[in-house]
Amino acid sequence: MKAYPPTTIARSDFTFQTGPVSGNPTATVQINDTKLFWQAVDIYFSHNLRINDAKGIMSNYITTQPPSRFQPQRTFTLRSEITKPGVIVEEMKALMAPLINDLNNAGVPLRNPEPRFWETYAAFGTIPGGPTGGTSNGRFGSRLFPRSNFENPNSTEFRTTMDSIRAFVEEGGYSFHSVDFAPTYETAGYPGRDSAVNPALRNGLMHATGFDSTQYGPDLSDEDWKASHARHSSFIQNWRDASPGSGAYMNEADVEEPDFQWSFYGSGYDRLLEIKKSRDPWSVFYAVTAVASDEWYVEGTRGLPTQQGRLCLVNPG
């Protein structure tokens with residue numbers, strides 16, 4: 001546990017979308033061109049590194065809605081909250097200014113939003129990007145995109161990252177969410193540098209989460225369950241391909257994440273396995289994605305990710 005002096009916090013919110021604007025028009029703008037929308041998304045994430053280096057936090061949702069009788073065209077929306085501690089309102093607006101300027105130059109007429117301001121985190125109420133509830137019986141996957149993917153907006157790494165996010169929303173029809181922050185080794189300090197935290201988190205700049213709102217309830221057949229998950233996983237695979245060697249945040253990830261040992265624990269897995277063997281030689285403690293869980297399997301699952309069955313050793317010896 002670490003304690004710090006109280007600090008101010010400011011947050012700037014805005015939205016741009018291809019559908020009609022409702023609510024607060026000063027913080028929301030309509031973009032009539034889908035191509036321009038995705039160009040604006042590129043511009044938005046091109047400021048990720050700058051804002052993180054300034055100790056800011058970007059939190060966002062990118063969603064899509066199919067055509068309806070009220071809106072004949074398919075719509076896309078980016079909703080953003082950018083937060084920074086230790087600043088006054090004028091400093092927050094200065095942090096936002098280069099991003100707003102680049103959006104304006106591209107043809108997105110967004111004003112620099114008037115920041116909200118709190119004297120302390122206690123008054124703020126919740127950590128930026130913190131959990132706000134689940135997706136019923138849906139599933140999701142996640143990926144930790146490394147800092148290197150955002151160092152140059154003209155790089156192949158940046159382009160591949162943006163294309164994988166666009167495909168997830170536009171082709172997949174899913175909802176995208178990311179919290180972009182930098183919990184580096186330097187920030188962790190002692191003893192955080194030597195903790196069990198996945199090194200991919202320390203080297204990451206974007207924690208991306210992709211939601212599948214399919215209702216995985218008892219009424220869904222085994223075949224439909226597997227097919228729906230396979231489709232969602234194929235789009236998450238684009239994220240993995242765009243960030244080779246990285247991983248995922250295990251508390252918000254697919255329970256069927258491939259190669260979970262590396263994805264969730266990275267290079268620390270072997271050391272954690274040694275600790276597990278020495279502290280729990282009887283394997284009393286088990287969780288589906290925990291260290292050494294691959295030594296066990298659940299009977300009678302019909303190929304589904306359920307834990308409702310007998311737990312058996314893979315190699316009982």
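Summary table below
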{"quantity": "Extension gain (nm, one decimal) between R50 and R74, 0.36 nm per residue minus Cα-Cα", "calculated": "5.4 nm"}
{"quantity": "Two-site label geometry, D224 and N137: point separation in nm, points 7 Å out along Cα→Cβ", "calculated": "1.0 nm"}
{"quantity": "Pairwise label distance in nanometres, N154 with F285, each label 7 Å out on the Cα-Cβ vector", "calculated": "5.1 nm"}
{"quantity": "Environment charge at G192 (Cβ cut-off 14 Å; Lys +1, Arg +1, Asp -1, Glu -1)", "calculated": "+1"}
{"quantity": "Most positive-pole-ward Cα, F211, P115, I165, against dipole of the chain from beta carbon charges", "calculated": "P115"}
{"quantity": "Charge dipole of the chain about the Cα centre (unit charges at C-beta), most positive-ward option of S267, L144, I9", "calculated": "I9"}
{"quantity": "Share of pairwise Cα separations in the stretch 70-113, more than 16 Å, in percent", "calculated": "51 percent"}
{"quantity": "Gyration tensor verdict on the stretch 141-236 (Cα atoms; rounded if a/c is under 1.5, prolate if a/b is larger than b/c, oblate otherwise)", "calculated": "oblate"}
{"quantity": "Only Lys, Arg (+1) and Asp, Glu (-1) charged, at Cβ; the stretch 134-177 dipole about Cα centre in debye", "calculated": "160 debye"}
{"quantity": "Cβ-Cβ FRET estimate between R310 and Q237, R0 fixed at 41 Å, reported to 0.05", "calculated": "0.85"}
{"quantity": "Cβ crowding within 10 Å averaged over residues, with 172-179, 283-290 ranked highest first", "calculated": "172-179, 283-290"}
{"quantity": "Net charge of Cβ neighbours under 13 Å - reference A208; Lys, Arg +1; Asp, Glu -1", "calculated": "0"}
{"quantity": "Net charge, Q261 excluded, C-beta distance under 11 Å - Lys, Arg +1, Asp, Glu -1", "calculated": "-4"}
{"quantity": "Student exercise, the stretch 149-284 dipole from Lys, Arg, Asp, Glu Cβ charges, in Debye to nearest 20", "calculated": "540 debye"}
{"quantity": "Difference of contour (0.36 nm per residue) and Cα-Cα distance, D194 to E119", "calculated": "23.7 nm"}
{"quantity": "1.4 Å probe accessible area per residue over the stretch 261-317, in Å²", "calculated": "68 Å²"}
{"quantity": "Charged-residue dipole, Cβ positions (Lys, Arg, Asp, Glu), the chain about Cα centre, Debye nearest 20", "calculated": "480 debye"}
{"quantity": "Share of alpha-carbon pairs per 20 Å distance bin for the chain, given as whole %", "calculated": "28, 56, 16, 0"}
{"quantity": "FRET efficiency, 1/(1 + (r/R0)^6) with R0 22 Å, evaluated for N104 and Q30 via beta carbons", "calculated": "0.90"}
{"quantity": "Stretchable slack from W296 to E256, in nm (0.36 nm times residue separation minus alpha-carbon distance)", "calculated": "13.0 nm"}
{"quantity": "Exposed trypsin sites (Lys or Arg not before Pro) absent - longest run of the chain, DSSP non-H/G/I/E/B, at most 16 other C-beta within 10 Å", "calculated": "194-301"}
{"quantity": "Cα-only Debye scattering, the stretch 19-94: base-10 log of I(q)/I(0) at q = 0.14, 0.16, 0.19, 0.22 Å⁻¹", "calculated": "-0.57, -0.72, -0.93, -1.11"}
{"quantity": "Selection from I100, G86, S234 lying farthest towards where the dipole of the chain points positive, charges on Cβ", "calculated": "G86"}
{"quantity": "Debye equation applied to the C-alpha atoms of the stretch 148-302, log10 I(q)/I(0) at 0.09, 0.17 Å⁻¹", "calculated": "-0.37, -1.14"}
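The values are calculated or read from the model by the stated rules, or taken from the named source; none is laboratory data. Source: prediction; values computed, not measured. Ideal geometry is used to build each Cβ from the backbone, glycine not excepted, and the neighbour counts take in all protein chains shown. What goes into the accessible areas is simple: the full protein's heavy atoms, side chains included, and nothing from ligands, DNA or RNA. Shrake-Rupley method; radii C 1.70, N 1.55, O 1.52, S 1.80 Å.
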